[in-house]
Amino acid sequence: MSQTVIEIEDLSFSISGKRILEQIRFCASAGQRLFIVGPNGAGKTTLLRCLSRIISDWQGSIKVKGKNIRAYPQKKLAKILTYVPQVLPADIPFTTHQFILMARYPHLSPFSVISPQDEKIVSDAMDMTQTACFAERVMATLSGGERQQVSITAAVAQQAEIFLLDEPATYLDYKHQRDIHSLLAKINKTCGTTIVCVTHDLNSAVLSADKIIALKEGKIVFEGTSQEIMNEDTLEKIYSKKFDFAQHPVTGQKIIVPDVIE
Amino acid sequence: MKRTAFIFIIIFAILVIAITPFIGSVKIPFSALKDFELATSEAQIFYSLRLPRVFTAFLAGAALACCGVALQAMFKNPLATPFTLGISGGAAFGAAVYVIFASAIISYGGIAFSFAGSLGAVALVYGLTRIKKGFSVGTMLLAGIAVNFFFSSLIMFLQYISDFTQSFRIIHWLMGSVDVTGFHTPGVLFVITAVGIIVIAAQSLNLNLMSISDEIAAARGVNVKRTRKIIFLATSIMVAGVVSFCGPIGFVGLMAPHICRLLVGYDHKILTPAAILFGGAFLTLCDCVARTIIAPAEMPVGVITALLGGPFFVWLLLKDTDKSGL
């Protein structure tokens, strides 16, 4: 049994009287690949933002490595977990290398200089994610897929143990979607990183998750394995629509197929 | 290329400080420099008027540029300056209150009043932005402009109720001037500016990350809220210092960071010192023009910076090639 790294109990959050999250309760253990799915407006992104402390006025308890998340200084928390937003701003004026180097921030003090060791960590991260080829390009000139790869590379260079990803592949084409998901699988395998990933792509969640959680209207309506969620009634309960299924030709897993549009 | 530009800015600043004290309605011969007893009038002019004036202009320009860099990065907005956020307006109102009501009772209280004014303005702008849930830079700038107008009206009201001499003093000072005598003003300004610059320089890495996005900054471990408070406090005190001594001098805080970004790039570890040197040198040069162009009479330096700054501001609005938005 591996160590529990995230422990959420009775997490609730509301914006001007409207409940966004209600009594959320789940755990993630070290090295786990946890996917969070659910319809639009279910509170998935908000949940990640609470976890990464971008939002702080929630009620309940969030523990990271056994310690209340509020007790961490932001910098110390950034050594343990990091957040990868849906998209990076399109107009970042820094080069890829500069941007990834900035991910060493939690390991630096205000006036310290970048050490050769930091440089090594950054170049190793770029080798791993195959982003070294555009190291000297300005971020604003990268494509959406490249920018997303860089965003994840920076998280690797940050050496966080937990990655919180918000729909990392949503705006990407099929190849780049595949690249991002296999990159995440590789990071999870080689670094033992815990992956908490919000997605709308049920099939890729099913194919790579250890555990899936489904949110609906701010509540957890499903928690279980890939096999368990691929069930007509379960999915209908989550998405209020019927799904058709097929067998994956390689793995034999049950996957969903797109609807026929008349 | 960027390193060359930075070295160029350093040389530019040194040259401006070295040359401008000699320029003005009275020519200063080099022999006057050795006259430490101030026996000649040239030496008196040089040591008790020109040098303090050059230092004051340099420090004021440096402080305003430093505030501009920090605010623009923090809000990811090219128009964020002490002016558009209402900080200058608050400081000016504080100083005007001091001139009219308190200068007869307490001497040297101008900074304290300005600081109270600038802090009040920041609290007002920040508070107004916070009332609307969620933080929006657009709301903040609009609140800043509203607060600025509010304080300008209050200053006009003060002028209206004050007597002729006080009113004239306020008008003269509102135009912006670095016309000082002796080293008291540059001394105080030096302390305030130095503290402010050190505090902001210590935020360089935070500013780099916050100039990308607050989310990314938080993900990398920046305490975004605390950084905002520190920057607001540091800029409030620097702006209060500058405004109480020199009046609300415009456009340096807007212009210097933009020009330096074009020259040395976006890394605040270089950008902040570059903007500080450039802003200082720029204002010193403006003041040099202001005191020579209609010599022996003088123009307020604020007139020159605004004359140069106005067209620059328009150019900035019209050109859309700078993709970064900063």
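The values are calculated or read from the model by the stated rules, or taken from the named source; none is laboratory data. Please read all numbers here as calculations on a predicted model, not as lab measurements. Quick reminder, even Gly has a Cβ in these numbers, built from the backbone with ideal geometry, and neighbours come from all protein chains shown. To get the accessible areas, we keep the full protein, side chains included, count just its heavy atoms, and leave off ligands, DNA and RNA. Shrake-Rupley method; radii C 1.70, N 1.55, O 1.52, S 1.80 Å.
Are any residues in segment A:142-161 part of a helix (DSSP H, G or I) and either away from chain B (no Cβ under 14 Å) or more than 15 Å from the chain's Cα centre (by Cα) (or both), and if so, which ones?
Passing the criteria: A:144, A:145, A:146, A:147, A:149, A:157.
Among the candidates B:228, B:291, B:261, which residue alone is among the charged types (D, E, K, R), away from every other protein chain (no Cβ under 14 Å) and in a helix (DSSP H, G or I)?
Sole residue among the options that is among the charged types (D, E, K, R), away from every other protein chain (no Cβ under 14 Å) and in a helix (DSSP H, G or I): B:291.
Residues to consider are B:281, B:201; find the one that is out of contact with any Cys (no Cβ under 8 Å at 6 or more places or on another chain), away from chain A (no Cβ under 14 Å) and of a type in the set (Gly, Ala, Ser). Let's see the steps before the verdict.
On the way: B:201 fails: away from chain A (no Cβ under 14 Å).
Result: B:281 is the single residue among B:281, B:201 that is out of contact with any Cys (no Cβ under 8 Å at 6 or more places or on another chain), away from chain A (no Cβ under 14 Å) and of a type in the set (Gly, Ala, Ser).
Of A:228, A:232, which residue is of a type outside the set (Lys, Arg), farther than 24 Å from residue A:50 by Cβ and touching a Phe, Trp or Tyr at 6+ places or on another chain (Cβ under 7 Å)? Lay out the reasoning, then the answer.
Working: A:228 fails: touching a Phe, Trp or Tyr at 6+ places or on another chain (Cβ under 7 Å).
Among A:228, A:232, only A:232 is of a type outside the set (Lys, Arg), farther than 24 Å from residue A:50 by Cβ and touching a Phe, Trp or Tyr at 6+ places or on another chain (Cβ under 7 Å).
Which strands (runs of 3 or more DSSP E) does segment A:25-137 wholly contain that include 2 or more residues that are farther than 17 Å from residue B:223 by Cβ? Talk me through it step by step, then tell me what you get.
Numbers: elements: A:33-37, A:59-64, A:81-84.
Because the criterion is at least 2 residues that are farther than 17 Å from residue B:223 by Cβ, the strands (runs of 3 or more DSSP E) in segment A:25-137 that meet it are A:33-37, A:59-64.
Mind listing whichever residues of segment B:108-138 are under 23 Å from the mean Cα position of the chain (by Cα) and of a type outside the set (A, V, I, L, M, F, W, C)?
Looking only at segment B:108-138, we keep the residues that are under 23 Å from the mean Cα position of the chain (by Cα), and these are B:108-126, B:137-138.
Correct list: B:108, B:109, B:110, B:114, B:117, B:118, B:120, B:126, B:138.
Given the residues B:233, B:318, B:254, B:307, which is the only one that is more than 14 Å from chain A (Cβ to nearest Cβ) and closer than 30 Å to residue A:53 by Cα?
Numbers: B:318 fails: closer than 30 Å to residue A:53 by Cα; B:254 fails: closer than 30 Å to residue A:53 by Cα; B:307 fails: closer than 30 Å to residue A:53 by Cα.
The unique qualifying residue is B:233.
Restricting attention to segment A:71-92, and to residues there that are hydrophobic (A, V, I, L, M, F, W, C) and closer than 18 Å to residue A:158 by Cβ, which single residue is nearest to the other protein chains (Cβ to nearest Cβ)?
Restricting attention to segment A:71-92, the residues satisfying the condition of being hydrophobic (A, V, I, L, M, F, W, C) are A:71, A:77-78, A:80-81, A:84, A:87-88, A:90, A:92.
Subsequent filtering for residues that are closer than 18 Å to residue A:158 by Cβ retains A:77-78, A:80-81, A:84, A:88, A:92.
Working: A:77: 7, A:78: 3, A:80: 10, A:81: 9, A:84: 7, A:88: 7, A:92: 6 Å.
The residue in question is A:78.
Do you know which of the residues in segment A:236-250 that are open to solvent by less than 80 Å² (accessible area, probe 1.4 Å) and not in a helix (DSSP H, G or I) is farthest from residue A:204 (Cα to Cα)? Lay out the reasoning, then the answer.
Residues of segment A:236-250 that are open to solvent by less than 80 Å² (accessible area, probe 1.4 Å), as a first pass: A:236, A:238-239, A:241, A:243, A:245-246, A:248.
In the following step, the residues that additionally are not in a helix (DSSP H, G or I) were identified as A:241, A:243, A:245-246, A:248.
Numbers: A:241: 19, A:243: 16, A:245: 14, A:246: 14, A:248: 11 Å.
Among those residues, the one meeting the criterion is A:241.
Scanning for something under 18 Å from residue B:233 (Cα atoms) and modelled with pLDDT under 90, does segment B:96-109 turn up at least one residue? Write out each step before concluding.
Within segment B:96-109, the subset under 18 Å from residue B:233 (Cα atoms) is none.
No, because not a single residue in segment B:96-109 is under 18 Å from residue B:233 (Cα atoms) and modelled with pLDDT under 90.
Among B:293, B:216, which is among the aliphatic types (A, V, I, L, M), free of Cβ contacts under 8 Å to residues at least 60 places away in the same chain and buried (at least 24 other Cβ atoms within 10 Å of the Cβ)? Before the answer, list the steps.
On the way: B:293 fails: buried (at least 24 other Cβ atoms within 10 Å of the Cβ).
That would be B:216, the only listed residue that is among the aliphatic types (A, V, I, L, M), free of Cβ contacts under 8 Å to residues at least 60 places away in the same chain and buried (at least 24 other Cβ atoms within 10 Å of the Cβ).
Taking segment A:43-70 as the region of interest, how many residues are at negative phi, open to solvent by less than 60 Å² (accessible area, probe 1.4 Å) and more than 14 Å from every other protein chain (Cβ to nearest Cβ)? Spell out the reasoning first.
Of segment A:43-70, the ones at negative phi are A:44-52, A:54-59, A:61-64, A:67-70.
The next check asks that each one be open to solvent by less than 60 Å² (accessible area, probe 1.4 Å); those that pass are A:44-48, A:50-52, A:54-56, A:58, A:61-62, A:64, A:69.
Imposing the further condition that a residue be more than 14 Å from every other protein chain (Cβ to nearest Cβ) reduces the set to A:44, A:47, A:58, A:61-62.
Final tally of qualifying residues: 5.
Do we have any residue at all in segment A:110-117 that's small (Gly, Ala, Ser), more than 17 Å from residue A:186 (Cβ to Cβ) and within 13 Å of chain B (Cβ to nearest Cβ)? Quick ask: steps written out before the conclusion?
Initial filter on segment A:110-117 (small (Gly, Ala, Ser)): A:112, A:115.
Next, only the ones that are more than 17 Å from residue A:186 (Cβ to Cβ) stay: A:112, A:115.
Retained after the next criterion (residues that are within 13 Å of chain B (Cβ to nearest Cβ)): A:112.
Yes; the residues of segment A:110-117 include at least one that is small (Gly, Ala, Ser), more than 17 Å from residue A:186 (Cβ to Cβ) and within 13 Å of chain B (Cβ to nearest Cβ).
Quick one: which of B:193, B:165, B:181 is touching a residue at least 40 places away in the same chain (Cβ under 8 Å), away from chain A (no Cβ under 14 Å) and in a helix (DSSP H, G or I)?
Working: B:165 fails: touching a residue at least 40 places away in the same chain (Cβ under 8 Å); B:181 fails: in a helix (DSSP H, G or I).
Selected residue: B:193, the only one of B:193, B:165, B:181 that is touching a residue at least 40 places away in the same chain (Cβ under 8 Å), away from chain A (no Cβ under 14 Å) and in a helix (DSSP H, G or I).
Among the listed residues A:73, A:106, identify the single one that is modelled with pLDDT of 90 or more, open to solvent by less than 20 Å² (accessible area, probe 1.4 Å) and within 25 Å of residue B:199 (Cα to Cα). If you could, list the steps in order and put the result at the bottom.
Working: A:73 fails: open to solvent by less than 20 Å² (accessible area, probe 1.4 Å).
Within the list A:73, A:106, the selection yields A:106.
Return the pair list, or none, for Cβ contacts closer than 8 Å from residues in segment A:122-141 that are away from chain B (no Cβ under 14 Å) and touching a residue at least 40 places away in the same chain (Cβ under 8 Å) to residues that are in a helix (DSSP H, G or I) and surrounded by fewer than 15 Cβ atoms within 10 Å (Cβ to Cβ), at least 6 apart or on different chains.
Here the result reads A:128/A:186; A:128/A:190, each pair linking segment A:122-141 to a residue that is in a helix (DSSP H, G or I) and surrounded by fewer than 15 Cβ atoms within 10 Å (Cβ to Cβ).
Does at least one position in segment B:235-251 carry a residue that is of a type outside the set (S, T, N, Q), open to solvent by 20 Å² or more (accessible area, probe 1.4 Å), without any contact (Cβ under 8 Å) to a residue 24 or more places away in the chain and out of contact with any Leu (no Cβ under 7 Å at 6 or more places or on another chain)? Lay out the reasoning, then the answer.
In the first step, residues of segment B:235-251 are kept if they are of a type outside the set (S, T, N, Q); the result is B:237-243, B:245-251.
Checking which are open to solvent by 20 Å² or more (accessible area, probe 1.4 Å) leaves us with B:237, B:245, B:248, B:251.
Right, trim to without any contact (Cβ under 8 Å) to a residue 24 or more places away in the chain and you get none.
Within segment B:235-251, not a single residue is of a type outside the set (S, T, N, Q), open to solvent by 20 Å² or more (accessible area, probe 1.4 Å), without any contact (Cβ under 8 Å) to a residue 24 or more places away in the chain and out of contact with any Leu (no Cβ under 7 Å at 6 or more places or on another chain).
Residue-by-condition table, conditions (1) open to solvent by 30 Å² or more (accessible area, probe 1.4 Å); (2) part of a helix (DSSP H, G or I); (3) touching a strand residue (DSSP E or B) at 6+ places or on another chain (Cβ under 8 Å); (4) under 24 Å from residue B:280 (Cα atoms):
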residue: B:72; (1), (2), (3), (4): no, yes, no, yes
residue: B:89; (1), (2), (3), (4): no, yes, no, yes
residue: B:95; (1), (2), (3), (4): no, yes, no, yes
residue: B:99; (1), (2), (3), (4): no, yes, no, no
residue: B:116; (1), (2), (3), (4): yes, yes, no, no
residue: B:125; (1), (2), (3), (4): no, yes, no, no
residue: B:146; (1), (2), (3), (4): yes, yes, no, no
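Tally time: how many residues in segment B:1-51 are in a helix (DSSP H, G or I), closer than 20 Å to residue B:186 by Cβ, more than 21 Å from the chain's Cα centre (by Cα) and β-branched (Val, Ile, Thr)?
Count: 2.
Regarding residue A:26, is this residue among the aromatic types (Phe, Trp, Tyr), over 22 Å from residue A:186 (Cα atoms) and in contact (Cβ under 8 Å) with a residue 60 or more places away in the chain?
Values: among the aromatic types (Phe, Trp, Tyr): yes; over 22 Å from residue A:186 (Cα atoms): yes; in contact (Cβ under 8 Å) with a residue 60 or more places away in the chain: yes.
Judged against the criteria, residue A:26 is a match.
Tell me, please, whether a residue that is in contact with a Phe, Trp or Tyr (Cβ under 9 Å, 6 or more places away or on another chain), outside any strand (DSSP E or B) and either open to solvent by less than 10 Å² (accessible area, probe 1.4 Å) or free of Cβ contacts under 8 Å to residues at least 24 places away in the same chain (or both) can be found in segment A:162-183.
Of all residues in segment A:162-183, those in contact with a Phe, Trp or Tyr (Cβ under 9 Å, 6 or more places away or on another chain) come to A:163-166.
Cutting the leftovers down to outside any strand (DSSP E or B) gives us none.
No: zero hits.
Test residue A:199 against the criterion of being surrounded by fewer than 16 Cβ atoms within 10 Å (Cβ to Cβ), among the hydroxyl-bearing types (Ser, Thr, Tyr) and at pLDDT 90 or above, and give yes or no. Even if it seems obvious, please write down each step before you answer.
On the way: surrounded by fewer than 16 Cβ atoms within 10 Å (Cβ to Cβ): no; among the hydroxyl-bearing types (Ser, Thr, Tyr): yes; at pLDDT 90 or above: yes.
So residue A:199 does not fit the description; no.
Just one of the numbered conditions (1) facing another protein chain (nearest Cβ under 9 Å); (2) among the polar types (S, T, N, Q); (3) open to solvent by less than 50 Å² (accessible area, probe 1.4 Å) is not true of residue A:98; which one?
(3)
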